[in-house]
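Undergrad: Sharing a structure here in structure tokens format.
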Amino acid sequence: MALAVGLLLATLTTILVPSPNDTVLWLAAAYVYTAAGLLVRTAARARRTARALERRLLTSRAAPDLVRVETAVLDERRRLALDIRAVLQETLGAVRSSSAGLLRSEVDPAELKREQRLLRARTQLATSELRRLLGILRAAETEPSLHLSPPAHPGAVGPDHQQVATSLPHRPPSSDVVQSIVLMALAALECWVNRSTHASLIDPGVVFTTVLVAACFAGRTTAPVLTSVAQSLIFAIGFWVGAPVMSGVWLVRGVGAVLWRNALYTPRTTGLAATVLLSATVLATRANESTVGAGATAAVVVGSVAGGLITAWTGQREWAALAQEEAFRQEAQSQVERAIQSERVRLARELHDVIAHSVGLIAMQLNVLEVARSPGDRREALLNIQETSENALTELRDLNTFPDSAGSPLPRDLTQIEALVDRVRATGGHVDLLIVGEPAPEPIPVIYRILQESLTNAMQHAPGASVRVRLAQQADGVHLTIQDDGPGPRTSSPHRFGLVGLRERIALAGGRLQARTVGPGGGFIVDAFLPTQPGPTPGATVNHGDLQHGVDQVSRR
């Protein structure tokens, strides 16, 4: 299209403008008009690209971040829930099936002992799988993502759509060398065709300076600034000594491309200085040329400089849009990764509470089963094992339906808290429960988890100890105290994963927690307060260092 328009305009120019050599005028006009058309097309295309990038950035920013994050969290939740169910559900299902089978039929003592050993082995397998899964969940998994790479330098798109950088090649490309040779031959030919301006004689000085300027084109890529300076000096010296560089079609490429490239050269100050120097020198040395020749040369200079500047501006705009889009994409990806990491931490917290407590109860009930003397005692122990494994399986099935970050998979009430205490008592544990007033229902799910973790720790670290639980409704919230009379934990580290999980739960619910050893032989106490209206504690964050340390502690249990 640009070529057709250029040929048409060149024909009109030849008809309207008288010239001693219409053929040369037509060729020069066709070349200039075609180059101008290409300039306009290049600038328009670059502007459309920049505007499209800006519109895409606005569209991306208009998309709700919350929806994007929630979608990623839901996908991660489903994936992890499926993986966890595949690992732990089979083990706990086998425990439930074995206990149910023993309840349905009478077995001899030898068969009972064999089934007990099998149940204990499966319980140990569930414990080891729990440790492995907690180790996996302590580190965030990030999927590879595609990032756009903006241009290395603003406005770095040249007429040949190549990157212009401060790191230039040491040797001129072969294409520039070939073009330079063609331009030298074309310059010599045009000097011969235009010899009429020099009394029908070929001036060797004019041919030499013209061909020398054309030869400088070879340095356009390797040293554009030096090439501009060299061409400027040749134009000036040739004019001063009476052998001026002759204009012609060769000038459009031989000088115009150098001007274009310097107009978008980085650093911009150096490039613009070289552009101004060469433009001024070329225009100042056209005094001896005809009006048509001087006008054509001026058109080449103005068009080349304008093309370089417009391309630099549109390229800079495109680069800025790409950079903004990349920054926005990275921020959005960072938000998604943080949300996924929080989801993994929450899942680890829930998984620890559900499985550690259930497996601990099953282990204690297996101890009761081993020492049971009567069929009734054995049946009660097996029923407790079956009920505990069934409850754990129910919560595992609901791992992908957490209602909120501070809650638990299932809604809780005081009846379930009492049932939790009864299950611990069924294993031989001594637990006294005192409920003062009518606790508000909002904090009950978190209270259930706190009590569950505390009773599990008491069974593991203080077997046989008595535990006193006091749950009281106060004016502004619910107060929970759990104290045992055992020797306290074997380690003084406050970073066990269970306690880390409790602190996270209570912080997210807007409450506070204290867990400490009462004194020598005084046992361990957990003191928690939860407001009636739950809300995150200001500045509450998840300490991933504590999380990793806590997983290590769980692995050593």
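The values are calculated or read from the model by the stated rules, or taken from the named source; none is laboratory data. All of these numbers come straight from a predicted model, not from anything done at the bench. Quick reminder, even Gly has a Cβ in these numbers, built from the backbone with ideal geometry, and neighbours come from all protein chains shown. Surface accessibility is based on the protein's heavy atoms, side chains included, excluding ligands, DNA and RNA. Shrake-Rupley method; radii C 1.70, N 1.55, O 1.52, S 1.80 Å.
Undergrad: Exactly which GluC sites (Glu not before Pro) in the stretch 291-385 are in a DSSP loop and have at most 12 other Cβ atoms within 10 Å?
TA: Of the GluC sites (Glu not before Pro), not one in the loops of the stretch 291-385 has a Cβ with at most 12 other Cβ atoms within 10 Å.
Undergrad: Then there's this: Would you kindly derive the ³J(HN,Hα) couplings of the stretch 386-392 from the backbone phi angles with the Karplus curve 6.51 cos²θ - 1.76 cosθ + 1.60 (θ = phi - 60°), listing them in order in whole Hz, with x for Gly and Pro?
TA: Whole-Hz 3J(HN,Hα) from phi for the stretch 386-392: 5, 5, 5, 5, 5, 4, 5.
Undergrad: Which value in Å is the Kirkwood Rh of the stretch 251-377 over different Cα pairs?
TA: One decimal place: 21.4 Å for the Kirkwood radius.
Undergrad: Please give the per residue volume of the convex hull enclosing the alpha carbon atoms of the stretch 186-330, rounded to a whole number of Å³.
TA: 100 Å³
Undergrad: Percentage of Cα-Cα pair distances in the stretch 330-479 greater than 29 Å, rounded to whole percent?
TA: 25 percent
Undergrad: For the stretch 304-380, which trypsin sites (Lys or Arg not before Pro) pass both filters: DSSP loop (anything but H, G, I, E, B) and at most 13 other C-beta atoms within 10 Å? Write down the numbers at each step before the final one.
TA: Numbers: sites: Arg317, Arg329, Arg338, Arg344, Arg346, Arg349, Arg373, Arg378, Arg379; in loops: Arg373.
Counting only loop positions with at most 13 other Cβ atoms within 10 Å, the trypsin sites (Lys or Arg not before Pro) in the stretch 304-380 are Arg373.
Undergrad: Please list, ordered by chain and number, the residues whose modelled amide H lies under 5 Å from the amide H of Val478; skip anything fewer than 5 residues away on the same chain.
TA: So Val478 has HN proximity to Leu530, Thr532.
Undergrad: Mind grabbing the accessible area of Ile340 for me, 1.4 Å probe, Å², rounded to tens?
TA: My reading of the accessible area for Ile340 is about 20 Å².
Undergrad: Which whole-number value in Å² is the accessible area per residue of the stretch 237-294, probe 1.4 Å?
TA: 39 Å²
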